[in-house]
Amino acid sequence: MKAPLVARARGAYDLHGFDRLRRPIFDVCQTGISSTSTDGATASEICGSEGGESASGEAGEPSHPPSAADQASAGQFQVEVSWRADTAGADCSNWLRLNLEMIGRLCGSWVGQVAVIAVDDRMMSDLHRRFKGRDSPTDVLTFDLRQDLAGDLIEADIVVCVNEAIRQAARRGHQARQELLLYAVHGILHLTGFDDAFEADAERMHRREDELLAAAGLPTLFKTGEHAH
């Protein structure tokens, strides 16, 4: 039986009003990499045939990129990725950053900065419980750091769950890094006015996700297989 389209990215909550100097993900992520298993995934399952990446994506404290206002004045969209999940050397941080920045350029209207933090089930469960009262992992949480929600500037922390991406990718027949990229794009679309609370809105949002992935030369994830109606 096909999974309903609206069930995808079901945890993509858009949480507003956080001070960028006291970013909520720090409290959960500051303890370092968890020992939680990533379901026995290999580097090729997460990152493709090239396997893991090098120091550009190794774990560390989520960094503080230049201010979103600075990025806006330059008409730029900047992405930083912090890898906080124990994946036995498999790390697609650089791939995620490059592709998300390319999608931002192709979109044309994304200006500002996002920090993408890839975590495991335990860290995501901690965040999900703390901010949504749900004691379980989810796929993505978006923390909106903008002070002016009426403006076009993007400034956010987007937390994506590597374990969930591995599970969904294995179920749907693609790489986990593609699933993680989808989660990040989904989170950004929430910041730019998209919603998926109702089926028609979810379909519109997923069409936009496919458009952006296709424009970047990447496989679309909702037009084929289980994602299609």
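A compact table of results
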read-out: Relative contact order computed over segment 113-201 (Cα-Cα under 8 Å; 6+ residues apart), in percent; value: 28 percent
read-out: DSSP beta bridges in segment 71-196 [antiparallel fraction, %, rounded to 5]; value: 25 percent
read-out: Distance histogram for segment 67-211 (every C-alpha pair counted, 10 angstrom bins, percent rounded to whole numbers); value: 12, 41, 38, 10, 0
read-out: Computed over segment 163-226: relative contact order in percent, which uses C-alpha pairs under 8 Å that are six or more apart; value: 21 percent
read-out: Rounded to whole Hz, the Karplus (6.51, -1.76, 1.60) HN-Hα couplings of segment 184-191, x for glycine and proline; value: 5, 4, 4, x, 5, 4, 4, 6
read-out: Computed over segment 102-156, Kirkwood Rh from alpha-carbon pairs, angstrom; value: 13.0 Å
read-out: Normalised contact order of segment 95-155, rounded percent, pairs of Cα under 8 Å and 6 or more residues apart; value: 33 percent
read-out: Alpha-carbon centroid distance for the pair segment 74-121 / segment 124-150, whole angstrom; value: 17 Å
read-out: Over segment 139-229: Kirkwood hydrodynamic radius from C-alpha pairwise inverse distances, Å; value: 13.9 Å
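Rule-based calculations on the coordinates, nothing more; no lab input. Quick caveat: nothing in here was measured; it's all calculated off a predicted structure.
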